[in-house]
Amino acid sequence: MASRLINLIKKIIMSNKEDKIAEEEIKDASETQDAPVEEKVEEKKELTSEEKLIISEDKFLRLFSEFENFRRRTQKEKANLITGASVDAYKIMLPILDDFDRAKETIDNAEDIKSLKEGINLILDKFTKSLVTNGLEVMNVVEQEFNADEHEAITNIPAPTEALKGKIIDVVEKGYKLNGKVIRFPKVVVGA
């Protein structure tokens, strides 16, 4: 691909050079026809083919360098975006991780199971709310029509009622959307 790009750039440079030379020759010819004999016509120094080649190579190297710099810069920006997104996700989860650490410490000394359940539910609620505020939503699909584009069927079972045929009866694994895009399809049981 790089060789195609190089060849294309060379062709563009050479065609631009040829166009400029042809324009200069036409301009010189028209000036000599219009100018009186008494006026001195400035002679332009003709570039040798070696000098033209050196100029073309220089332009080509500059264009190629600009392209390489652009490519490296965009790769670096893309990597920074990905890293930044990862950092944001971990920042959201760190307070919840702290809560789990505290819960683990209290489990060893706890005598009241009811308070342990309540603590775990609080941590789960906090985690769910932090994910929801960042665009994550649970796909509620129970009793909806099965759609192979949005659901992953694990198995079919006889429908308990006629109305549930072809509909989702149970969810084995929840599905999630992030900012409207499905990031995990729900695994469901479909009524047959």
task: Run VAL182 past the list (1) assigned by TED's automatic domain parsing to the domain that holds ASP98; (2) in contact (Cβ under 8 Å) with a residue 40 or more places away in the chain and report the number of the one that doesn't hold.
output: (1)
- request: Working only within the stretch 160-180, note down all residues that are more than 36 Å from the chain's Cα centre (by Cα) and outside any strand (DSSP E or B).
  value: PRO160, THR161, GLU162, ALA163, LEU164, LYS165, GLY166
query: Between a first residue in the stretch 146-166 that is free of Cβ contacts under 8 Å to residues at least 60 places away in the same chain and assigned by TED's automatic domain parsing to the domain that holds VAL188 and a second residue that is among the acidic types (Asp, Glu) and assigned to a loop (DSSP other than H, G, I, E, B), which pairs have beta carbons less than 9 Å apart while being 6 or more apart in sequence or on different chains?
result: ALA163/GLU143; LEU164/GLU143
message: If I filter the stretch 121-142 for residues that are polar (S, T, N, Q) and over 30 Å from ALA85 (Cβ atoms), do I get at least one hit?
response: no
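Here's the yes/no breakdown for (1) free of Cβ contacts under 8 Å to residues at least 12 places away in the same chain; (2) among the basic types (Lys, Arg); (3) closer than 20 Å to ASP125 by Cα:
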| position | (1), (2), (3) |
| --- | --- |
| THR74 | yes, no, no |
| LYS78 | yes, yes, no |
| ILE82 | yes, no, no |
| SER86 | yes, no, no |
| LYS91 | yes, yes, yes |
| PRO95 | no, no, yes |
| ASP99 | no, no, yes |
| ALA103 | no, no, yes |
| ALA110 | yes, no, no |
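Suppose the filter is surrounded by fewer than 15 Cβ atoms within 10 Å (Cβ to Cβ), aliphatic (A, V, I, L, M) and within 22 Å of ALA89 (Cβ to Cβ); does VAL142 pass it?
Spelling it out, it is not the case that VAL142 is surrounded by fewer than 15 Cβ atoms within 10 Å (Cβ to Cβ), aliphatic (A, V, I, L, M) and within 22 Å of ALA89 (Cβ to Cβ).
The values are calculated or read from the model by the stated rules, or taken from the named source; none is laboratory data. On a predicted model such as this, the values are computed, not experimentally measured, just so you know. Every residue, glycine among them, receives a Cβ derived from its backbone with ideal geometry; neighbour counts consider all protein chains shown.
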